[in-house]
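Below is one structure, written out as structure tokens; comments come after it.
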Amino acid sequence: MAKPKFRTRNTTKIADLLAELRLTENQLYTILREVNIRLEEGQKNLDQQEVGRIRAHLKEQARKQELRGQEISLPSIVKVTDLAKALEIPVGEVLGALLKNGVVATLNDDVDYDTAAIIAEELGYQTQEDVAKLEEDVLTPEKLEEILKKEDPKDQELRPPVVTIMGHVDHGKTTLLDSIRSANVAASEAGGITQAISSYQAKYKSRVITFIDTPGHETFEFMRKRGASLADIAILVVAADDGVKPQTKEAAAHAKEAGVPIVVAINKIDKPEANIDRVKKELAEQLDLLPEEWGGKTVMAPISALKKQGIDELLELVLLTADITPPKAVTDRPALGSVVESMLDRHLGPLATVLVHTGTLNVGDDVVAGRVVGRVRRLSDWRGKNVQKATPSMPVTIVGLKDVPNAGDILQVVEARAEATAKAARPGRGVVKSLAKADEDDERSGLALVIKADSHGSLEALTQTIRAMVPENLIRLTIVRADVGNVSDSDVLTAKAAGAVIYAFNTNVGGMSQRLATQEHVPIKRFDVIYRLSEDIRKEVEERLPFDLVREDLGRLKVLKVFFSTPKKKIVGGEVAEGKVEIGAKIVTWRNVEGSKERERIGSGEIKEMQREKTAVKSAARGDQVGITVEGKGKIKEGDVLEIYKEEKVRKQMTS
């Protein structure tokens, strides 16, 4: 045993330190573990450096204890690292607390206020929600929604209602807008499909209404859904001669999901085949949209967009619906809006059509939209007329952006270009959700992936290819994260938490991230050819495919004598009556029923040993007399027949 160290120079006696700090021995030992100080057997003193670490730890604990119980402000959506700073604890503790509550998050992920408040309250803090803090970071649709919901009604003013036109292709949506704004654009559509969402404004009874035209073709589901989320009211156009179609159902579902009131326009009533009552019946039965005149709550207007019949009545219904909950917004504040569509003009450069949700957008404002920054050099309304400002519900086209933003990006006015550049450079993610737990009865193997690519186009192609490859009836695929950019520490930690494989297509892995992945045993696979990545995914899938048990019948053995028998082990002698017998083969014991030609199953087992003429053998053929040792269930008697077979695990195959 090593001699105990009794340090006397520049040391403090442990007993004196306990008395000074008013600690018990158990409390001190707990602190020593937390600051990673190890006491040797019989040690009576601590050096000054160790005492300093203990004092610093106690001081920090006292400071945190003083903070706890106080009220802290948290934004409606907060980044994990920012939450750790607010709580003044290591980010690892926050990640651990989130994981304990069923939320898999990483350093750069966002969590909503309710989740952050639960974590904070577990640590002793009181919290209050601060919506204004959201605007300190790059905005996401979730953050914008929170800001709009928390605006002070005293600061709000009436704004024009935003109306989206939705419905099945060729049911007359664009013709309806043509009638409303008296501009012939329907003829310019390619193949009868509006290829982008467009925004317009019209006046009726001196009141302005903003219209958003959404595509009707099934390939534009996301655009239709986005149109519903931007609007206050949805006009669902249904042809009187065609009725409810799949896209009609889809559009209505988007509007209901977004909580947007629906006004039905039954179009093409001038057609000889028109049947208004049939359409109303289909709307009631299939979409649960019961007309007011039938005792329901859905207003419906029969119209002919082509012949401009019933248009005034439809607009009247739109305004009446808007008046039930008058749309309002704050005008006197920096603007927030959504990018409705964007393009690159050969003369003007990047263009973005933006619908302003709140605030006022002015020429000269510095803005950020997603990852794109710029200064508004020109604003033009839906007619192409230059304007100096845009107020809530007003769609305008912006000239002056550095690049083309994505449709759906949130535009935000900032105080200076430097702030815009800083915000655009920050990583922005959607709000983190709890990973769905697999159904306990789900016997499928899981494949979790983190996908990184060099562009949105590559990323979309990869995710579509992977989803198409994986047989969902056999494999439970989870794409934990799909992002553009290099593999980061956050990706590695996310993959670690989810047990995922990282696939990097045409992207790099930083040295620190690679070391972290090695340390955490997270596989990273890099490819620059998509079919090679697909082949690797195929291998991952094949390794997870379930097995089928394939049975091969070998032969039969008739039992002539039983030498030894216990419930688990039997030694019997017999003659191979048919086929062959092998060590490792399985057996089923069959016995004839007295007075009957029937036989009954007695038991089963496996052949462990076999001898022929006192010599160990591995197999025996027909006519051989052998002794075998069987492990299994069921008592074997003379005259029983052992059915000999073997089973082989064969993995299922992917269909090409």
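How about the stretch 260-320: which trypsin sites (Lys or Arg not before Pro) there are in a DSSP loop, with at most 16 other Cβ atoms within 10 Å of their Cβ?
Filter output for the stretch 260-320: Lys297, Lys307, Lys308.
Which order, highest average first, do 109-118, 629-638, 240-249 follow once you tally other Cβ atoms within 10 Å for each residue and take the mean per peptide?
109-118, 240-249, 629-638
Arrange the residues Ile583, Ile410 by how much accessible surface each exposes, largest first, with a 1.4 angstrom probe.
Result of the area sort, largest leading: Ile583, Ile410.
Can you put Val162, Val529 in order of accessible area, largest first, using a 1.4 Å probe?
In descending accessible area the options line up as Val529, Val162.
Give the peptides 321-329, 395-403 in descending order of average Cβ contacts within 10 Å, highest first.
Those peptides, ordered most packed to least, come out 395-403, 321-329.
Please compute the Cα-Cα pair-distance distribution of the stretch 337-416 with 10 Å bins starting at 0, giving whole percents from short to long.
22, 63, 15, 0
What accessible area per residue comes out for the stretch 299-360, rounded to a whole number of Å², with a 1.4 Å probe?
45
Please give every one of the lysines within straight-line cross-link reach of Lys586, meaning a C-alpha to C-alpha distance under 17 Å, and leave out same-chain neighbours fewer than 8 residues apart.
Qualifying lysines at Cα under 17 Å: Lys558, Lys568, Lys569, Lys570, Lys608, Lys618, Lys633, Lys635, Lys646, Lys649.
Please provide three numbers in whole Å: the alpha-carbon extents of the stretch 238-365 along the principal axes, with the largest listed first.
Projected onto its principal axes, the Cα set of the stretch 238-365 covers 54, 37, 27 Å.
Taking the full set of protein chains and a 1.4 angstrom probe, give the accessible area of Arg159 in square angstrom, rounded to the nearest 10.
Arg159 has an accessible surface of roughly 50 Å² with all protein chains in place.
Between the stretch 72-128 and the stretch 231-251, how far is it from one alpha carbon centroid to the other, in angstrom?
Centre-to-centre distance over Cα atoms comes out at 43 Å.
Taking the inverse of the average 1/r across all pairs of different Cα atoms in the stretch 442-598, what Kirkwood radius in Å do you get?
20.0
Leaving ligands, DNA and RNA out of it, work out the accessible area of Trp382 with a 1.4 Å probe and give it in Å² to the nearest 10.
Roll a 1.4 Å probe over it and Trp382 shows about 80 Å².
Per the Debye formula with a single identical scatterer at each Cα and no solvent contribution, what log10 I(q)/I(0) holds for the stretch 227-308 at q = 0.20, 0.26, 0.27 Å⁻¹?
The Debye formula, applied to the Cα set alone, gives -0.87, -1.32, -1.38.
With the full set of protein chains in place, find how many percent of the accessible area of the stretch 272-343 is carbon and sulfur; take the probe as 1.4 Å.
51
The values are calculated or read from the model by the stated rules, or taken from the named source; none is laboratory data. Quantities reported herein were computed from a predicted structural model and do not represent experimental measurements. Glycine gets a Cβ as well: all are built from the backbone with ideal geometry, and neighbour counts include every protein chain shown. Just so you know, the surface numbers come from the protein's heavy atoms only, side chains and all, with ligands and any DNA or RNA stripped out. Shrake-Rupley method; radii C 1.70, N 1.55, O 1.52, S 1.80 Å.
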